[in-house]
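Beneath this line is the structure, given in C-alpha cells, with notes to follow.
What follows draws every value from the coordinates through simple rules; no lab data is involved. The shown structure was predicted, so the numbers you read here are calculated from the model rather than taken from an experiment.
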Amino acid sequence: MSVILLGQCLHAFSFAAYYSAIMRFIRDQAPQDIQVFTQGIYCTPEDAKFNS
C-alpha cells in the first residue's frame with residue numbers, strides 16, 4: 001500500500017511541475033492575442049479535438 005501511495009504522490013508532483021512548466025512556456029512563447037486559445041487547445045482532451 002505504501003508503494004502505491006508513494007507512486008501517486010510522485011505522479012501528482014511530476015504532473016504539477018510539467019503542467020506549470022507548459023503553461024509558463026505558452027505564456028512566454030505564444031503571441032499574446034492567442035495565448036488563451038493556445039492554452040485551451042493544450043487542455044482539450046485528445047478525443048474532443050478529432051471526434052467532434
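Here are the numbers:
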read-out	value
From phi via Karplus (6.51, -1.76, 1.60), per-residue ³J(HN,Hα) for the range 36-41 in Hz, x at Gly/Pro	5, 4, 5, 5, x, 5
Answer label for P(r) over Cα pairs in 10 Å bins from 0, in percent (calculated), chosen among (i) 22, 44, 24, 9, 1; (ii) 27, 63, 10; (iii) 22, 33, 29, 14, 2	(iii)
